[in-house]
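Visitor: For reference, the structure I am asking about is given below.
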Amino acid sequence: MPSMPDRKGPESVRLLPLSEIRDEDRLATSIWGADRRLILSKGSPLTAAYRALLTERGYWALPVEFPGYEGVEAVPWLSDNLVLDLVAYLLNLPERFDAKAWFAAQSLVTQILEEYWAHPRGAVELFLPRDAASNPAVLAINRALVVIAAGHGLFDEARLPEIVLAALLLDSGPGNALATGVIHDSDDPAFIQEAVGATVAYLQQTSAVSFRTLGAIRQAYAHWDGSGTPPLRGPAIYEGAQLLAPANKLARLLMPTPEHPPVAPHEALEWVIGGADLDYALRWVATIKERVAPYATGTTVRLSSGELAVVTRAPLGTPTRPHVRLLTGPERGTERDLQDPALRNVVIVDVYWQRELESA
């Protein structure tokens, strides 16, 4: 098998929908399947045949090498090796969950936390849906990243891993996404009770599972105003579940489900922010807003000043005000920090998905 790519991201990247990619475009990073097999290597031309294959596998956008985007470097939050280990674990959970499976999950969470701390930081960037077969694993990984991003420094070192484990294993158990491959985003109380009950029963096959992990899973769909399942309200909801609830909703919105198509990260974040103090505790929504990036590195955006720009870095605290490079206008090529007080009236209006910049 070819050697796995390392943590370093591509040196030039533009995120483009498959519909906007042409035969001459080259992939900016390697793509690996859930079975750890190389699908396409970095630098491969994205011919019509490859695009059809990737569309069939559930991809909708890809990072490509693109003129004018040189130096735009996306550094993944998790290494490819670890992501593939997580996918392999989550999609091959044993029929009977035992202490060995629990300890394997703990080991993976330790590795996630180690790589998280080693990252050069900024706001965390979530994974977009990749291979269709691995979508449930991507859901779990994104949920775990949101919990880590929002929970570090607010949960102690002993409790945080237990909530991350809840984020990874929330969709385990018979009939749930990690077993069936189908992700649901239903608010129906009966559906939620059955799904959560299956997860808890599955994990309780061993006494090794932490009571905090089980507690967070049991209350992961509780709403701050008491309208969720179970109908707990406000501080009566376990604190780990208070964080897991918006992390779960955010991660689910990014995925294709029978209830909705995949939602872009900035729109998913707006959805969660709109539920502050209603569905979700204001404290955790505010923290997620400060620590999760709505625009991935390499995303082309339209500014209120009229120019198109590429996102080059999303800072902690104000990721909605990222560092950008202008792509159009008289100052094309100029780097701008939207946190600069002099640019306080310049905001990101929307994500720009068309290929041709001159048509903006």
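Visitor: Give the residue that is farthest from LEU78 (Cα to Cα), with candidates limited to residues of the stretch 1-17 that are touching a Lys or Arg at 6+ places or on another chain (Cβ under 8 Å) and at pLDDT below 80.
Guide: Ranking the candidates gives MET1 first.
Visitor: Keeping to the stretch 18-77, report how many residues are modelled with pLDDT of 85 or more, assigned to a loop (DSSP other than H, G, I, E, B) and among the polar types (S, T, N, Q).
Guide: Selection size over the stretch 18-77: 3.
Visitor: crowded, with 20+ Cβ neighbours inside 10 Å, outside the structural domain of GLY68 (by TED's automatic domain parsing), without any contact (Cβ under 8 Å) to a residue 40 or more places away in the chain and under 25 Å from ALA28 (Cβ atoms): does that describe VAL272?
Guide: In short, no.
Visitor: Among (1) within 30 Å of LEU357 (Cβ to Cβ); (2) without any contact (Cβ under 8 Å) to a residue 12 or more places away in the chain; (3) of a type in the set (A, V, I, L, M, F, W, C), where does PHE66 come up short?
Guide: PHE66 satisfies all of (1) within 30 Å of LEU357 (Cβ to Cβ); (2) without any contact (Cβ under 8 Å) to a residue 12 or more places away in the chain; (3) of a type in the set (A, V, I, L, M, F, W, C) except (2).
Visitor: Moving on to the next point. If a residue must be within 26 Å of LEU316 (Cα to Cα) and surrounded by 14 or more Cβ atoms within 10 Å (Cβ to Cβ), how many such residues does the stretch 348-360 contain?
Guide: Pass one, the stretch 348-360, residues within 26 Å of LEU316 (Cα to Cα): 348-353.
Right, trim to surrounded by 14 or more Cβ atoms within 10 Å (Cβ to Cβ) and you get 348, 351-353.
Counting residues in the stretch 348-360 that are within 26 Å of LEU316 (Cα to Cα) and surrounded by 14 or more Cβ atoms within 10 Å (Cβ to Cβ) gives 4.
Visitor: A further question follows. Where in the stretch 210-277 are there helices (runs of 4 or more DSSP H), lying wholly inside it, with at least 1 residues that are closer than 19 Å to LYS289 by Cβ and not aromatic (Phe, Trp, Tyr)? Working first, answer last.
Guide: Values: elements: 211-218, 239-253, 265-274.
In the stretch 210-277, 239-253, 265-274 are the helices (runs of 4 or more DSSP H) which contain 1 or more residues that are closer than 19 Å to LYS289 by Cβ and not aromatic (Phe, Trp, Tyr).
Visitor: Identify the single condition in (1) surrounded by 20 or more Cβ atoms within 10 Å (Cβ to Cβ); (2) in a helix (DSSP H, G or I); (3) of a type in the set (A, V, I, L, M, F, W, C) that ALA190 does not satisfy, given that it satisfies every other one.
Guide: Status for ALA190: all satisfied but (1).
Visitor: Restricting to the stretch 130-183, and then to whatever is free of Cβ contacts under 8 Å to residues at least 60 places away in the same chain and of a type in the set (Asp, Glu), can you tell me which residue is nearest to THR199 (Cα to Cα)?
Guide: ASP171
Visitor: State whether one or more residues within the stretch 94-115 are under 23 Å from ASP80 (Cα atoms), surrounded by 17 or more Cβ atoms within 10 Å (Cβ to Cβ), touching a strand residue (DSSP E or B) at 6+ places or on another chain (Cβ under 8 Å) and at pLDDT 95 or above.
Guide: no
The values are calculated or read from the model by the stated rules, or taken from the named source; none is laboratory data. On a predicted model such as this, the values are computed, not experimentally measured, just so you know. Reconstructed Cβ throughout: ideal geometry from the backbone, glycine too, with neighbour counts over all protein chains shown.
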